[in-house]
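Chemist: I'd like to ask some things about the structure below.
The values are calculated or read from the model by the stated rules, or taken from the named source; none is laboratory data. These numbers were taken from a predicted model, which means no experiment stands behind them. Here Cβ is always computed from backbone atoms with ideal geometry, including for glycine, and neighbour counts include all displayed protein chains. Just the protein is used for accessible areas: all its heavy atoms, side chains included, with ligands, DNA and RNA removed. Shrake-Rupley method; radii C 1.70, N 1.55, O 1.52, S 1.80 Å.
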Amino acid sequence: MAKTPVIKISNLSKKFMLGDIEVQALESVSLEIYSGEFICFFGPSGCGKSTLMSMIAGLQPPSTGSIMIRGEDLAKMSTNQLAEHRRTKIGMVFQAFNLIQTMNVLENIALPLTFARISKMRRMKRAENLLEIVGMGKYKDRTPNQLSGGQQQRIAIARSLVANPWIILADEPTGNLDSKSANDVMKLLISLNRKSKRTVILITHNPEYIQYADRIFWMQDGKMIKVEANSHVHTAYAGDKTSKHKKGEESQEDEVPDAAEVKEDNFSVEEANK
Amino acid sequence: MKMIDVLRIALGNLRRNKLRTTLTVAGVVVGIATIVFLVTLGFGLQKLVVSNTTNLEALKVVTITKSKDENKLLNDALIDNLKKNPEVDLATPILSYSGTVKEKEGIAPVINGVEPKNFAVYDLKTNLNKKFSSDNAGEIMINKNVVTALNETEDQIIGKDFTFDITGLDPTNTAKTISVKLKVIDIIKDDSKGKFGYTPIANLKELNHHFFNIKVKVKQKEKLQEVKKEIESQGFETSVVASQVDAINLAFGVINGVLGAFGMIALFVAAIGIFNTMTISLLERTHEIGIMKAIGGRDKDCSRIFTAEAAIIGFMGGFFGVFSGWGGGKAIELLINFLANKAGGSAPGHLFYTPPTFAIGVVLFAFFVSTFAGIWPARRASKLNPLEALRYE
Ligand SMILES: Nc1ncnc2c1ncn2[C@@H]1O[C@H](COP(=O)(O)OP(=O)(O)O)[C@@H](O)[C@H]1O
Ligand SMILES: [Mg+2]
């Protein structure tokens, strides 16, 4: 099947100055990622994974090289256009959850739509819908600090989905979670990719997860050292391996709905804006 | 982001930090209340002085005192001419001659001939509030000094007739003395040392050469200057009470300015408080701003939330400040009037005066000052690097 590159990175380098010392965080990275792929950035800590991801999100500019998102050059975008890029095309999930503590769960999920000038009624409806999808329907009036880590991360995932973006960027989303919650989060991400055909980029250094990726980008010292395609991924199912050894363990977490329940609901910010 | 959502988030943030918000608003309240208290006291005293100096009707009167030109006279023709001006309510002459009283030696009161129907324009207070019974009634109102000089009491003299010999110029410009018998109908209250009386001008018609002065009353106070200029351009000299009032107003303008400046210092301190609060708030919320930017908030959205918070503090401070300043004034006023009444003195009445436009203006002022104080923290928020802000915890 003919695939279009949703992300095309050419010769990307990033240098930081730490006082007088120059840190080469990325060096001549080139890659293409296609629509609907599940990608893993894999490599030791400090190899430049987060830097690469934040540049895809347009949170910092490259030193040299270019990033094209569906043919659009991020370097040519104004700060407002970059904000719109993050709001509409990118959904970000962080290791530290990064929810706003002073807002309740629904407000957090709806916040990107608030920035997009969607009416309160519409965005709340959308947020409630996503809250159900991530299996957190009961908790809409809670604030983040009243939730466990795994629950917070599911809220963060709901938030990343709210504007129906093409690309989900997840930077070690399971890094702060116990293995049961980590498994739930992985299940969600995988189902988003499989059922909603979203492009997912996952940063991890847990080798257990790389089996779910279509392709794995191995990184080291700011360089892309190897790209590996996984042939068996489509038969692998998130629940199979990762949850087996958790059986019998007491969990206060709610059951994450089966991946099949996460369906595309054709929500579009552009449409809603009209 | 929509304005309503900016306000929602800003209000939510303020509500969450209740103590800090309250203290910051209290700072603005103190500043604004000080301004309002002091300046409305200034306005109140100004009003009190102006209204004690003149009644409000007097502000509509211009007096033509003399002509600069020999050929132009203060006469009936001029009065007719003045009455044609649509802005003029009335124009009324006065004749003043000195007279003596028959069979009473050494009394020489000034006898003023006035039009009975326009007598109110002189704004004289009398014991009995009498009016002249007709345009040519043989009646006179005299002041206390005349009563004493005639060896009478204020009660007994009412209704008595006296014959006055009044000397003036006749229409041919020759001196002439006329004798008129006039009945005393009322006593003019005044504090002056002079002796005078008022009688219908008809009683002096044989001396009707040209008028001592003409009082012109305009329909609207605002048109006074216009009419005054018009009369002056015809070659007459004029005087108005209004110019004294202008001087009083100017003096109070200066006083109010000084009082306002004291209050301004208080408000300035409050503005520093707002700045401080917003800066602390910015530091606390650095991480939050990073999140907002990472999930698609624009720089503008971040700065607007901060600006809105500062503006809301300013508006609330302004509103409650005006209210407290006004209430404080009212309380002091009540207290002073209460004490004055108790001490048996005359209560001063309203000491504070708050013009509505001033109140609204002060609220807007507080709003703009604090919005201004919030600009810098808001700008900082919008310029934060999202990645650094995300690291910040
Ligand atoms: N803002 C920055 N200033 C200086 N050095 C940085 C900055 N961000 C990242 N780096 C450096 O760049 C390298 C890659 O970092 P990062 O992308 O966070 O690695 P990873 O996510 O793979 O662990 C590291 O050596 C890190 O210290
Ligand atoms: Mg990292």
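Chemist: Which distance in nm do the two modelled labels at B:ARG379 and B:GLN225 give, with both placed 7 Å along the Cα-to-Cβ direction?
Modeler: 4.1 nm
Chemist: When Cβ neighbours within 10 Å are restricted to other protein chains, what is their mean count per residue of peptide B:295-305? Before the final figure, lay out each step's value.
Modeler: On the way: counts 19, 22, 7, 9, 3, 3, 3, 2, 0, 0, 0.
For this peptide, the per-residue mean of nearby foreign Cβ atoms is 6.
Chemist: Follow-up. Apply the a/c threshold of 1.5 to the C-alpha gyration tensor of the range B:186-259 and tell me whether it is rounded, prolate or oblate.
Modeler: Oblate shape, in that a/c is at least 1.5 and b/c is the bigger or equal ratio.
Chemist: Between B:LEU283 and B:SER233, what's the calculated FRET efficiency when r is the beta-carbon distance and R0 is 56 Å? Round to 0.05. Present the calculation step by step, with values, prior to reporting the outcome.
Modeler: Values: r = 68 Å, r/R0 = 1.22.
Working from the Cβ atoms, E equals 0.25.
Chemist: A further question on this structure: Report, in listed order, any pair from A:LYS140/A:LYS187; B:LYS18/B:LYS330; A:LYS14/A:LYS197; B:LYS84/B:LYS189; B:LYS47/B:LYS125 with a Cα-Cα distance greater than 26 Å.
Modeler: In this structure, B:LYS18/B:LYS330; A:LYS14/A:LYS197; B:LYS84/B:LYS189 exceed 26 Å between Cα atoms.
Chemist: Something else about it: How would you rank B:248-254, A:35-41, highest first, on the average number of other Cβ atoms within 10 Å across their residues? Numbers along the way, then the final one.
Modeler: Numbers: B:248-254: 13.4, A:35-41: 21.9.
Highest-to-lowest ranking by the protection proxy: A:35-41, B:248-254.
Chemist: May I pose another question? Show which aspartates and glutamates lie in cross-link reach of B:LYS160 when reach means a straight Cα distance below 16 angstrom and same-chain residues fewer than eight apart are skipped.
Modeler: Correct list for B:LYS160: B:GLU103, B:GLU139, B:GLU152, B:ASP186.
Chemist: Now, a different point. Could you size up the charge dipole of the protein assembly as shown around its Cα centre, putting +1 on the beta carbon of Lys and Arg and -1 on that of Asp and Glu, and report it in debye to the nearest 20?
Modeler: Dipole about the Cα centre, nearest 20: 1080 debye.
Chemist: Round to the nearest 10 and give me the degree value, 0 to 90, for the angle of helix B:18-53's Cα axis relative to the longest principal axis of chain B.
Modeler: With both axes taken from Cα atoms, the answer is about 10 degrees.
Chemist: Tell me which aspartates and glutamates have Cα within less than 12 Å of B:LYS293's Cα, excluding those fewer than 8 residues away on the same chain?
Modeler: List returned: A:GLU84, B:ASP301, B:GLU388.
Chemist: Residues of the range B:187-202 with amide nitrogen under 19 Å from the 7 Å Cα-to-Cβ point of B:ALA149?
Modeler: Inside the label zone: B:187-200.
Chemist: Pull out a ≥ b ≥ c, the square roots of the eigenvalues of the alpha-carbon gyration tensor of the protein assembly as shown, then state rounded if a/c is under 1.5, prolate if not and a/b is larger than b/c, and oblate in the remaining case.
Modeler: prolate
Chemist: Which trypsin sites (Lys or Arg not before Pro) does the range B:14-92 hold that lie in a coil by DSSP with at most 14 other beta carbons within 10 Å?
Modeler: B:LYS68
Chemist: Between A:THR64 and A:TRP218, take the C-beta separation as r, use R0 = 22 Å, and let me know the FRET efficiency to the nearest 0.05. Numbers along the way, then the final one.
Modeler: Numbers: r = 22 Å, r/R0 = 1.01.
For R0 = 22 Å, the calculated efficiency reads 0.50.
Chemist: Nearest 100 Å² is fine: how much accessible area is buried between A and B, summed over both sides, with a 1.4 Å probe?
Modeler: 2200 Å²
Chemist: I'd like to check one number: the per residue accessible area of the range A:48-101, probe 1.4 Å, reported in Å² as a whole number.
Modeler: Value for the range A:48-101: 36 Å² per residue.
Chemist: Which GluC sites (Glu not before Pro) does the range B:177-241 hold that lie in a coil by DSSP with at most 15 other beta carbons within 10 Å?
Modeler: Within the range B:177-241, no GluC sites (Glu not before Pro) qualify (loop, at most 15 other Cβ atoms within 10 Å).
Chemist: How many percent of the accessible area of the range B:73-234 is carbon or sulfur, using a 1.4 Å probe?
Modeler: Working: 4020 of 8440 Å².
With neighbouring chains kept in place, the figure for the range B:73-234 is 48 percent.
Chemist: Taking 35 Å as R0, compute the FRET efficiency from the Cβ-Cβ separation of A:VAL227 and A:ARG142 and round it to 0.05.
Modeler: The value I calculate is 0.25.
Chemist: Let me ask something else. Taking the solvent-accessible surface of protein heavy atoms with a 1.4 Å probe, what is the per residue accessible area of the range A:113-161 in Å²? Mind showing how you got there, number by number?
Modeler: Working: 1950 Å² over 49 residues.
Result: 40 Å² of accessible area for each residue.
Chemist: Measure off 7 Å from each Cα along the Cα-to-Cβ vector at A:ILE21 and B:LYS205, then give the distance between these two points in nanometres to one decimal.
Modeler: 11.6 nm
Chemist: Place +1 on the Cβ of every Lys and Arg and -1 on the Cβ of every Asp and Glu in the range B:73-234, take the dipole about the Cα centre, and give the residue among B:ALA202, B:PRO116, B:GLY168 whose Cα lies farthest towards its positive end.
Modeler: In the range B:73-234, that residue is B:PRO116.
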